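In what follows, a structure is listed as structure tokens, so that the remarks can point back to it.
The values are calculated or read from the model by the stated rules, or taken from the named source; none is laboratory data. Note that the structure is a prediction, hence the values are computed from the model and not measured. Using ideal geometry, Cβ is built from the backbone for each residue, glycine included, and neighbour counts are taken over all protein chains shown. Side chains included, ligands, DNA and RNA excluded: accessible areas come from the protein's heavy atoms. Shrake-Rupley method; radii C 1.70, N 1.55, O 1.52, S 1.80 Å.
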Amino acid sequence: MVDLPRIAVQAATAAAGPEIPLKARLARAQARARRRAFLLVLPLLLFILLTFVIPIGQMLQRSIYHDGFSGAAPALVEWFAATPAGTEPDETAFAALASDLLFMKERKLAGEAGTRINYAVPGSRSLFTAAARGADRLTAPYRPALMAEDGKWADPLLWAAMREAASPWTTDFYLSGIDMQRTANGGIERVDEGSRVYLALYAKTFLLSAVITIICLALAFPVAHLLATLPMARANLLMILVLLPFWTSLLVRTTSWIVLLQSQGVINSLLVSAGFIGDDGRLALIYNRTGTIIVMVHILLPFMVLPLYSVMRVIPPVYARAARSLGATSWTTFRRIYLPQTLPGIGAGVLLVFILAVGYYITPALVGGADGQLFSNQIQFHMSKSNWSQAAALAAMLLAGVLLLYWLYDRLVGIDKLKLG
Amino acid sequence: MALPPYADPLERLWRIIYLVICTLIFLFLIAPILVIIPLSFNAEPYFTFTEKMLTFDPAGWSLRWYEALISTGMQAPDAADGWWSDMWANAAWVKAARNSLIIGVWSTIVATGLGTLAALGLARPDMPYRRLIMALLISPMIVPIIIVATGMFFFFSNPCSIIGVECGRLTSTYAGVILAHVVLGTPFVIITVTATLSGFDQSLIRAAASLGANPRITFFRVIMPLILPGVISGALFAFVTSFDEVVAVLFIAGPEQQTIPRQMWNGIREQISPAILAVATILVVVSIALLTILELLRRRSDRLRGVSGR
């Protein structure tokens with residue numbers, strides 16, 4: 001155990017310097033250096049926390065918190081709390097419902113409450129707004145009175161949904177995000193074949209991203225190899241051809257592809273005038289999946305070329321020469337000697353392009369048509385419909401996927417290896 | 001790379017095929033950008049080369065879409081007096097360009113300042129939690145833009161909600177859009193400045209100190225000139241990021257903060273007219289200029305750091 005009072009004395013006479021053991025002074029100097037380094041980073045760290053991390057956190061909270069119904073139906077919330085799950089709604093329940101409908105009418109909350117239930121049981125929104133409109137005319141006994149207005153009020157699914165929504169904390173939005181729904185007795189099941197959207201959309205987003213990544217790799221590899229093996233002066237000149245697209249506005253590039261690919265556009269006109277296709281047989285190259293793939297490959301290609309290039313540039317040519325002199329064919333040399341050395345670049349490029357592709361929004365929105373939409377576009381769709389909780393749940397799922405890939409990138413490549421141009 | 005003298009005919013043939021493939025890929029990269037330049041001078045509202053354009057008939061070419069850029073939104077494009085003030089105040093694209101510049105310049109200044117400071121800290125060997133903090137600070141570049149924009153949309157509509165009070169909003173304000181673009185721009189500044197610092201000889205700092213320079217003088221006379229190329233190229237990246245950004249603008253900006261990309265977005269979604277090609281051509285010229293500056297900076301940086309580059 002160290003003699004504590006003595007250290008305190010030493011700290012008090014720190015100015016005296018020489019009496020303090022070297023180790024302690026070193027530790028103190030290191031702590032000061034650490035503090036200084038951290039202080040330099042601190043302003044940006046606070047800024048990013050405030051304008052980036054907290055907003056995203058708040059938004060994600062909406063995916064598990066929705067008080068549209070629980071805030072508008074106090075009496076029902078109480079009744080649900082007092083009864084176990086699966087209880088048949090009796091007259092007290094309907095009385096609570098009637099008083100809540102009146103509450104909603106007075107505070108104009110019926111739309112919001114109905115919307116919350118509507119996520120689980122489609123068609124409920126109008127049920128609530130209609131019932132709230134006539135809430136002041138309801139008299140006891142309430143069950144027959146409400147049933148007379150609309151038979152749907154007896155629907156056990158509706159009551160299960162209301163019980164679920166009685167707590168503002170919910171996993172409903174994640175359930176519907178994986179095409180599941182609640183059953184009347186509290187279990188979960190897959191939604192009908194026709195309304196399954198999301199799982200297919202994940203599959204499509206990942207598949208399209210994979211296709212885009214593979215095409216990018218196939219196109220970037222020869223180009224990066226050429227750039228890496230040319231003399232520096234000529235390589236720099238050709239590099240401009242890669243960097244110019246990289247620096248050109250995304251919307252400009254998307255516009256030019258629309259001009260090139262649309263049915264009255266340059267490529268189709270060329271094909272028609274060359275006689276390859278008839279005037280009525282113009283190819284649908286854009287506003288569909290093909291368009292999304294072509295344009296996104298063009299936009300993401302530099303992100304593949306740059307990491308590949310920086311790895312290939314430093315591969316010494318002597319290994320390949322040695323392999324040839326030992327009798328390997330050029331194909332064997334490429335496959336067994338050159339290719340393995342480019343793997344770090346391939347890994348970096350593939351991961352980066354895939355990460356960027358999975359979350360892409362602008363290009364699919366502009367040239368994707370109906371079947372070239374990706375996951376981000378679905379989030380925007382729910383935002384535009386004010387389904388904020390559903391948008392947040394989908395965003396959380398996308399974010400989880402991207403962060404996983406990002407973590408992988410950091411482990412395999414290292415963030416500090418990221419280079420631009 | 002020339003072929004080695006021992007190459008056999010098959011390899012020579014493959015070499016030619018390989019060069020053809022590379023040429024085609026370069027063409028794929030660059031042709032779409034170049035093709036819009038002549039098309040923006042089309043006299044007809046089409047997106048393809050007309051007969052007259054191909055025969056270089058002057059009647060097939062015109063500047064009408066560039067005129068359209070200026071006159072769209074103007075009250076009286078033909079009036080002689082007050083033309084300038086009319087254009088400055090009302091022309092839709094001019095307003096968008098002005099907004100883009102204001103937002104771009106301010107977000108670049110803030111992003112470059114914050115990002116350079118942070119990069120200086122991150123490059124120090126004593127930085128605690130270096131990897132984690134770096135990952136966090138770079139993440140605005142990786143997290144899908146739709147998620148960032150959605151989060152900011154909610155947060156900026158009531159930014160004081162975190163301390164539980166109501167106070168104005170940042171949506172539909174310049175400040176809101178600028179803040180969003182700062183967030184998106186800082187990763188680029190950090191990446192370029194840390195890259196410059198990685199080649200920085202730390203003993204220069206000790207040399208300066210031993211020659212009697214205090215930390216302030218060391219920073220301004222020794223460190224700053226050496227990392228300046230990295231800082232400037234980071235600033236260019238931040239500016240281009242802001243200048244090209246549309247999703248955050250879609251979510252956060254109001255009608256008063258429409259930028260050039262936002263205006264193009266509208267144009268592409270509603271009816272695409274060759275006026276967009278005129279804007280695109282101008283932007284391509286701008287990006288060529290930026291690329292040239294960047295290349296000159298890179299050479300200067302290499303020279304200063306003693307990297308031969310050849």
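Which condition number in (1) more than 11 Å from chain B (Cβ to nearest Cβ); (2) farther than 22 Å from A:T115 by Cα; (3) polar (S, T, N, Q) is the one that A:S386 fails?
Condition (2) is where A:S386 drops out.
Can you tell me which of A:L394, A:L403 is open to solvent by less than 70 Å² (accessible area, probe 1.4 Å), on the phi < 0 side of the Ramachandran plot and out of contact with any Ser or Thr (no Cβ under 7 Å at 6 or more places or on another chain)?
Of A:L394, A:L403, the one residue that is open to solvent by less than 70 Å² (accessible area, probe 1.4 Å), on the phi < 0 side of the Ramachandran plot and out of contact with any Ser or Thr (no Cβ under 7 Å at 6 or more places or on another chain) is A:L394.
Which of the numbered conditions does A:G275 fail, given that it passes all the others? Conditions: (1) more than 30 Å from B:P261 (Cα to Cα); (2) assigned to a loop (DSSP other than H, G, I, E, B); (3) within 13 Å of chain B (Cβ to nearest Cβ).
With respect to (1) more than 30 Å from B:P261 (Cα to Cα); (2) assigned to a loop (DSSP other than H, G, I, E, B); (3) within 13 Å of chain B (Cβ to nearest Cβ), A:G275 is out only on (3).
Could you tell me which numbered condition B:A80 fails, if it satisfies all but one of (1) surrounded by 12 or more Cβ atoms within 10 Å (Cβ to Cβ); (2) away from every other protein chain (no Cβ under 14 Å)?
(1)
Specify which of the listed residues (B:L101, B:L122, B:L114) is more than 22 Å from B:L179 (Cα to Cα), part of a helix (DSSP H, G or I) and hydrophobic (A, V, I, L, M, F, W, C).
So the residue among B:L101, B:L122, B:L114 that is more than 22 Å from B:L179 (Cα to Cα), part of a helix (DSSP H, G or I) and hydrophobic (A, V, I, L, M, F, W, C) is B:L122.
Any idea which residue in region A:370-391 is most open to solvent (accessible area, probe 1.4 Å), counting only those that are polar (S, T, N, Q) and outside any loop (DSSP other than H, G, I, E, B)?
A:S384
Within region B:108-134, can you find the residues that are within 7 Å of chain A (Cβ to nearest Cβ) and open to solvent by 20 Å² or more (accessible area, probe 1.4 Å)?
Correct list: B:L114, B:L117, B:L120, B:R124, B:D126, B:P128.
For region A:126-165, name all the residues that are open to solvent by less than 20 Å² (accessible area, probe 1.4 Å), over 36 Å from the mean Cα position of the chain (by Cα) and aromatic (F, W, Y).
Within region A:126-165, A:W153 is the sole residue that qualifies.
Mind listing whichever residues of region A:221-238 are open to solvent by less than 20 Å² (accessible area, probe 1.4 Å) and more than 8 Å from chain B (Cβ to nearest Cβ)?
A:A224, A:L227, A:A228, A:A235
Go through region A:406-419 residue by residue and tally those that are in contact with a Gly (Cβ under 9 Å, 6 or more places away or on another chain) and either open to solvent by 20 Å² or more (accessible area, probe 1.4 Å) or within 7 Å of chain B (Cβ to nearest Cβ) (or both).
Qualifying residue count for the region: 2.
Yes or no, residue by residue, for (1) open to solvent by less than 10 Å² (accessible area, probe 1.4 Å); (2) closer than 24 Å to B:W106 by Cα; (3) in contact (Cβ under 8 Å) with a residue 24 or more places away in the chain; (4) touching a Phe, Trp or Tyr at 6+ places or on another chain (Cβ under 6 Å):
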{"residue": "B:I232", "(1), (2), (3), (4)": "no, yes, yes, no"}
{"residue": "B:Q258", "(1), (2), (3), (4)": "no, yes, yes, no"}
{"residue": "B:P261", "(1), (2), (3), (4)": "yes, yes, yes, no"}
{"residue": "B:A289", "(1), (2), (3), (4)": "no, yes, no, no"}
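Just need a number here: residues in region B:149-165 that are in a helix (DSSP H, G or I) and more than 7 Å from every other protein chain (Cβ to nearest Cβ).
Count: 8.
Is it the case, given these coordinates, that B:G168 is farther than 19 Å from B:V110 by Cα, at pLDDT below 85 and within 13 Å of chain A (Cβ to nearest Cβ)?
Against the criterion (farther than 19 Å from B:V110 by Cα, at pLDDT below 85 and within 13 Å of chain A (Cβ to nearest Cβ)), B:G168 does not qualify.
Filter region B:239-252 down to residues that are in contact (Cβ under 8 Å) with a residue 24 or more places away in the chain and more than 15 Å from B:S287 (Cβ to Cβ) and give me whichever is most open to solvent (accessible area, probe 1.4 Å).
B:L250
Scan region A:58-76 residue by residue and report those that are within 34 Å of the chain's Cα centre (by Cα), surrounded by fewer than 23 Cβ atoms within 10 Å (Cβ to Cβ) and either over 19 Å from A:L175 (Cβ atoms) or basic (K, R) (or both).
Selection gives A:Q58, A:R62, A:G71.
Please indicate, with yes or no, whether at least one residue in region B:32-40 is in a loop (DSSP other than H, G, I, E, B) and surrounded by 15 or more Cβ atoms within 10 Å (Cβ to Cβ).
So far as region B:32-40 goes, yes, one or more of its residues are in a loop (DSSP other than H, G, I, E, B) and surrounded by 15 or more Cβ atoms within 10 Å (Cβ to Cβ).
From the list B:L204, B:L197, which residue is surrounded by fewer than 23 Cβ atoms within 10 Å (Cβ to Cβ) and more than 11 Å from every other protein chain (Cβ to nearest Cβ)?
Exactly one residue qualifies, and that residue is B:L204.
Answer yes or no as to whether B:L179 is at pLDDT 90 or above, closer than 27 Å to B:F219 by Cβ and either open to solvent by 30 Å² or more (accessible area, probe 1.4 Å) or outside any helix (DSSP H, G or I) (or both).
Judged against the criteria, B:L179 is not a match.
All but one of (1) more than 11 Å from chain A (Cβ to nearest Cβ); (2) aromatic (F, W, Y); (3) buried (at least 18 other Cβ atoms within 10 Å of the Cβ) hold for B:F47, so report the exception by its number.
Result: B:F47 passes all but (1).
Check off (1) in contact with a Gly (Cβ under 8 Å, 6 or more places away or on another chain); (2) surrounded by fewer than 19 Cβ atoms within 10 Å (Cβ to Cβ); (3) of a type outside the set (G, A, S) for A:P55 and give me the number that stays unchecked.
With respect to (1) in contact with a Gly (Cβ under 8 Å, 6 or more places away or on another chain); (2) surrounded by fewer than 19 Cβ atoms within 10 Å (Cβ to Cβ); (3) of a type outside the set (G, A, S), A:P55 is out only on (2).
Yes/no matrix, rows are residues, columns are (1) surrounded by 13 or more Cβ atoms within 10 Å (Cβ to Cβ); (2) within 7 Å of another protein chain (Cβ to nearest Cβ); (3) at pLDDT 90 or above:
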| site | (1), (2), (3) |
| --- | --- |
| A:V259 | yes, yes, no |
| A:S263 | yes, no, no |
| A:D280 | no, no, no |
| A:L285 | yes, no, no |
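Show me the helices (runs of 4 or more DSSP H) entirely contained within region A:278-363 in which 2 or more residues are closer than 30 Å to B:I272 by Cβ.
A:289-312, A:339-358
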